[in-house]
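**Student:** Mind having a look at this structure? Questions to follow.
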Amino acid sequence: MRFELHMALRFLKEGRMQTALILAGISTGVGVIIFISALIGGLQESIIDRTLGTQAHVVLRPPDDEARPQLDRQREDVLEHIQRPAQRLRSILNWPRLLTELRRRPGVTAASPTVAGSAFALRGTANRSVALRGVDPESYSGILDLRTRLTEGTFDLTGTHIVVGVELAKELGLSVGDTLRLTAPEDRSEVFTISGLFDVGNKDLNLRWVFVSLREGQTLMNLSGGVSTVEVKVRDIFSAEKEAQEIHAATGLKADSWMTLNSELLTGLRGQSSSSVMIQFFVIVAVMLGIASVLVVSVIQKGRQIGILRAFGTRREQVLRIFLLQGGLLGVVGSLGGIMLGTFLALFFQSMVSNQDGTPLFPVALTAALYARSVLVALITGLVGAWLPARRAANMDPAVAIRYE
Amino acid sequence: MNNSSAILQLQQVRKSYPGAVSTEVLHGIDIRINHGEFVALVGPSGSGKSTLLNILGLLDRPSSGTVEILGKDCTGLDDAGLTRLRGSSIGFVFQFHHLLPSFTAEENVFLPMLADTGHFKPEMRTRARGLLARIGLEGFETRPVSRLSGGQQQRVAIARALVMNPPLVLADEPTGNLDRASGQQTFEFMRRFNRELGTAFLLVTHDPGLAQRCDRILTLEDGCLINENKSSEADLKGALTAMR
């Protein structure tokens, strides 16, 4: 065993009561950090999953139509009023190449072309306004995997097959195998056969979304060979806005990230994260001060022993390391206790209240990364807390320290 | 005796402590200790013995003058250099033994070796046990030193001072806190190691009887070395009494 480690362990063992108390303090602090992080992380994951589970992270659209007035701008007596043109459904130019380029981006996990527009679903005398979504089933599964959301039938969009939400099916009395007429603007109309019913956990979407094949979508929306949007999923959801801006800069397309489309949600999430960070920060400061105070007392109590060590050839940096190691050991061992405490608290809290479907009301996110981060934070906190006492010990004059009473 | 046999040599060493009025506690000390010598340093309280011992042990620096260990001038060495030289060349025995109380006897003995190499090796334990056996502490190796008698603790301190095989051991009143029998025994052990290993000892003592049994007696008074001769016990006793 290394000399410094040997001495650090012995010093900690000598001050058993102090060591036990500070370990309890560190464990409590780390336990609180883990509990709060797991709870807030779980809640955020749940909120994000519920909100973004049915959304693309970035939606790309063609740039808006701009009016191009034929005016002599030099003339001051002409009042200039430019009427904004109505935006018609247009295709993204050269979208297959765009898809290839998007899929090459390291931050992008999936990109899928869609044709989106409004239509009417007619069944007998009943009709409902729906949001038509023509998709490529393979690539769209990277955006929203409807196969896992089906309550009935299959996700089959071949030919004139269609997949609708459970609410629309209920409204129109539909089931798998039934037919449904969709009428799009300009009286383009087609009869489809229901191949599956989905439930995405959102009543409005279950009522409005209707999925057809990309080709049928193009036909109904009069967008032959074109797509109105390209939907993108990114690796890190919080980098979506950055990705959107980069894509916009590179392509000139309108790029809206979920962060701009759900700015209130984002503000809420950031508020949660900030409060969590603040709590963790103060807990870390308290733990650091605890470690520092224990080690300051230890340096005072062991002044003579430090002097003796220095007298028989222990170098200043070795003394420094002995006390830094004590801080590090306290941090790591305390954090292991904290992991157990935090995990127990989080799981206990999670098991207390459940939703109607049996899922926990307060889901917790206990991850290996959280544990590793907690140990690392506690280690750094221990080292920082030990720094001043360690320097004080290392700078002790051995001749004075030996005579220390 | 030529220069090459000197372990430690002080030339015109002065030590002052700064303050409103600078106080000089050592006034031009010249000392030379040779290999294998057993030297006593006597003097009344406040004569500067502790300051001198700190300078001899490289725990403090002189204000002026030179300190040479094994022919090497230590005046310009930095703290790391002094620490290294102290660890390898000088052993310490203190009046109150200054052992690490929760450590066992053998741990206290091999700690200087552990500090020197940074890693534990089984030979360290073997050497510590060998020294403890030679000093009559066989069977006490794994006992915490806090559970040993005063005399035993001081013997552990002697073993610790010798574990690095230093050419010089500085002993600051090693028998001052012991009863007469234990004090005599401790002195005998130091004398024996001096003869068997050739380790030089500088022994600070207030006991004229022990000083008389040393090869040479250095007498310090008011920061000056006033006598470097072998005196009779009666003369020495008289001198020490007069100086108190």
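Laboratory data are not the source of any read-out in this text; all were calculated from the coordinates shown. Bear in mind that the values here come from a model prediction, so they are computed numbers and not experimental data. Neighbour counts are summed over all protein chains in view; Cβ atoms, including those assigned to glycine, are modelled from backbone coordinates with ideal geometry.
**Student:** Given the protein assembly as shown, report the % of alpha carbon pairs whose separation exceeds 41 Å. Don't skip to the end; give the middle numbers.
**Tutor:** Numbers: 115713 of 210276 pairs.
In whole percent, the share of Cα-Cα pairs in the protein assembly as shown beyond 41 Å is 55.
**Student:** Shielding by partners for B:83-96, please: the mean number of other protein chain Cβ atoms within 10 Å of each residue's Cβ. Please report the intermediate quantities before stating the final value.
**Tutor:** Values: counts 10, 2, 1, 6, 6, 1, 1, 3, 2, 5, 0, 6, 0, 3.
Per residue, the average neighbour count from other chains is 3.
**Student:** Okay, moving on. What is the mean number of Cβ atoms from other protein chains located within 10 Å of the Cβ atom of each residue in peptide A:311-323, rounded to a whole number? Walk me through the intermediate numbers first.
**Tutor:** Numbers: counts 15, 17, 16, 8, 8, 3, 2, 3, 1, 0, 1, 0, 0.
Average per residue, whole number: 6.
**Student:** According to a simple spin-label model (label point 7 Å from Cα along Cα-to-Cβ), what is the distance in nm between residue A:249 and residue A:50?
**Tutor:** Rounded to a tenth, the inter-label distance reads 3.6 nm.
**Student:** Continuing with the same structure: In debye, nearest 20, what is the charge dipole magnitude of segment A:95-227 about its Cα centre with +1 on Lys and Arg Cβ and -1 on Asp and Glu Cβ, if you could check?
**Tutor:** On the way: 15 positive and 15 negative charges, 67 e Å.
That gives segment A:95-227 a dipole magnitude of about 320 debye.
**Student:** Under the Karplus relation 6.51 cos²θ - 1.76 cosθ + 1.60, θ = phi - 60°, what is the ordered set of whole-Hz ³J(HN,Hα) values for segment A:48-56, x standing for Gly and Pro?
**Tutor:** 5, 5, 5, 7, 8, x, 10, 10, 6
**Student:** Given the pairs A:170/A:233; A:302/B:121; B:49/B:72, which span a C-alpha to C-alpha distance of over 28 angstrom in this model?
**Tutor:** Flagged as over cut-off: A:170/A:233.
**Student:** Under 10 Å, Cα contacts only: if you run a Gaussian network model on chain A, which one of A:309, A:383, A:180 comes out with the highest mean-square fluctuation?
**Tutor:** Maximum among the listed residues: A:309.
**Student:** If neighbour count is taken as other Cβ atoms inside 10 Å, put A:108, A:294, A:285 in order from fewest to most. Don't skip to the end; give the middle numbers.
**Tutor:** On the way: A:108 19, A:294 24, A:285 13.
By the 10 Å Cβ count, ascending, the order reads A:285, A:108, A:294.
**Student:** What does the average come to when, for each residue of peptide A:297-307, you count the partner chain Cβ atoms lying within 10 Å of its Cβ? Walk me through the intermediate numbers first.
**Tutor:** Values: counts 0, 0, 0, 0, 0, 1, 0, 4, 6, 0, 3.
Counting Cβ atoms of other protein chains within 10 Å of each residue's Cβ and averaging gives 1.
**Student:** Please give the peptides B:26-37, B:48-59, A:335-346 ranked by average Cβ packing (other Cβ atoms within 10 Å per residue), highest first, as a rough proxy for protection. If you can, show how the numbers build up before the last one.
**Tutor:** Values: B:26-37: 18.7, B:48-59: 22.7, A:335-346: 21.0.
Ranked by mean Cβ neighbours within 10 Å, highest first: B:48-59, A:335-346, B:26-37.
**Student:** Which aspartates and glutamates have a Cα lying under 13 Å from the Cα of residue B:15, excluding residues fewer than 8 positions away in the same chain?
**Tutor:** Within reach: B:24, B:30, B:60, B:222.
**Student:** Expressed as a whole percent, how much of the Cα-Cα distance distribution for segment A:95-227 exceeds 22 Å? Spell out each step's value before the answer.
**Tutor:** Working: 2947 of 8778 pairs.
More than 22 Å apart: 34 percent of the Cα pairs in segment A:95-227.
**Student:** With chain A treated as a Gaussian network of Cα nodes joined by springs under 10 Å, which of A:30, A:176, A:364 yields the largest mean-square fluctuation?
**Tutor:** A:176
**Student:** Under the rule that an exposed site lies in a DSSP loop and has at most 10 other Cβ atoms within 10 Å, name the longest stretch of chain A with no trypsin sites (Lys or Arg not before Pro) of that kind, not counting the sites themselves.
**Tutor:** Details: sites that count: A:73, A:75, A:88.
The longest uninterrupted stretch comes out as A:89-405.
**Student:** When all C-alpha to C-alpha distances in segment B:89-171 are sorted into bins of 10 Å, what percent of pairs does each bin hold, rounded to whole numbers?
**Tutor:** Once binned at 10 Å, the Cα pair distances of segment B:89-171 give 21, 57, 22, 0.
**Student:** May I pose another question? Non-local amide H neighbours of residue B:38 (under 5 Å, H modeled in plane, Pro and chain starts lacking H): which ones?
**Tutor:** It is B:201, B:215, B:216, by chain and number.
**Student:** Kindly write out, for segment A:6-21 in residue order, the coupling ³J(HN,Hα) from the Karplus curve 6.51 cos²θ - 1.76 cosθ + 1.60 (θ = phi - 60°), rounded to whole Hz, with x marking Gly and Pro.
**Tutor:** Those phi angles translate into 4, 5, 4, 5, 5, 5, 5, 5, 4, x, 3, 5, 4, 4, 5, 5 Hz.
**Student:** What do the square roots of 5 times the Cα gyration tensor eigenvalues come to for segment A:1-63, in whole Å, largest first, as semi-axes of the equivalent ellipsoid? Could the numbers behind the result be given before it?
**Tutor:** Details: eigenvalues 492, 55, 9 Å².
With the √(5λ) rule applied to segment A:1-63, the semi-axes are 50, 17, 7 Å.
**Student:** If the elastic network links every pair of Cα atoms under 10 Å, which of A:257, A:37, A:274 fluctuates the most in the Gaussian network model of chain A?
**Tutor:** In this elastic network of chain A, the residue with the biggest mean-square fluctuation among A:257, A:37, A:274 is A:274.
**Student:** Could you run the Karplus curve 6.51 cos²θ - 1.76 cosθ + 1.60 with θ = phi - 60° over segment A:175-182 and give me ³J(HN,Hα) per residue in whole Hz, x for Gly and Pro?
**Tutor:** Each residue's phi maps through the Karplus curve to give 9, 4, x, 6, 10, 8, 9, 10 Hz.
**Student:** Also, I was wondering about something else. Take the Cα gyration tensor of segment B:1-145, multiply each eigenvalue by 5, square-root it, and list the three semi-axes largest first, rounded to whole angstrom. Spell out each step's value before the answer.
**Tutor:** On the way: eigenvalues 208, 64, 51 Å².
Working through the eigenvalues yields semi-axes of 32, 18, 16 Å.
**Student:** Let me ask something else. Using only the alpha-carbon atoms, what does chain B span along each of its principal axes? Please give whole angstrom values in decreasing order.
**Tutor:** Cα spread of chain B along its principal axes, largest to smallest: 49, 43, 41 Å.
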